[in-house]
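The values are calculated or read from the model by the stated rules, or taken from the named source; none is laboratory data. Bear in mind the structure is a predicted one, so any value in this text is a computation, not a measurement. Because the Cβ atoms are built from the backbone with ideal geometry, glycine has one as well, and the counts that use them run over all protein chains shown.
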Amino acid sequence: MGDGFCGYNGAINFSEAGLMKTKQIGLLVGVVVLLGLLWGYSQYEAKANIEKCQFELQDIKVLSVKPELTLSLEFKVYNSSAKEVKVDNISFDVFIPNLIEGRAASGTMGVLKIPNNESKIAITEVKIPIKEIGVMGFITSIAKVLTTKTKKMDVIVSGKMLYKTIFGQTKGKSFSFSRELKI
């Protein structure tokens with residue numbers, strides 16, 4: 001009878017240990033599920049907010065032609081979401097098809113914080129060295145543009161507006177604009 005009583009005590013201790021372990025596993029699973037839900041929500045919210053931003057290329061100007069072609073790009077970002085949106089980076093490539101084959105230049109702009117229902121203007125410059133196309137190629141291309149009646153050339157700007165989720169993942173919203181640039 002004493003042996004059975006000890007066995008019974010052992011069974012109680014075993015059950016308490018098992019119950020404790022089950023509680024710990026349940027708590028761990030709950031924390032993992034909660035983190036998963038937070039991660040999913042942060043992905044959704046950041047994307048939803050950035051998707052509500054209207055991003056436009058407002059203006060392109062030629063600032064100089066010598067010693068390199070320098071362009072001024074003016075972007076406008078309007079936030080129509082209910083919360084402030086933070087754009088971590090805007091990276092872009094500039095293409096001038098009738099001047100240079102392939103990408104003419106690349107650029108980036110830093111952090112933009114846009115309050116809800118407001119817009120921000122961001123202006124940046126890109127420099128395109130003449131050596132990229134050669135002096136003769138540059139003169140010929142500009143001459144072609146200048147001899148047309150409109151004296152315009154096409155400029156294409158494409159890239160991504162990048163943002164980070166609360167878990168530090170970088171996501172992006174792509175854009176592409178085409179404008180006629182007057183020389």
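Structural remarks
- Restricting the range 153-174 to residues that are among the hydrophobic types (A, V, I, L, M, F, W, C) and under 18 Å from residue 97 (Cβ atoms), the residue that is modelled with the lowest pLDDT: 153
- Pairs are defined by a Cβ separation below 6 Å, a sequence spacing of at least 6 or placement on different chains, a first member in the range 79-108 that is in contact (Cβ under 8 Å) with a residue 60 or more places away in the chain, and a second member that is of a type in the set (Phe, Trp, Tyr); the pairs so defined are 87/163; 88/163.
- Scan of the range 13-32 for residues that are among the charged types (D, E, K, R) and modelled with pLDDT of 70 or more, ordered by number: 21, 23
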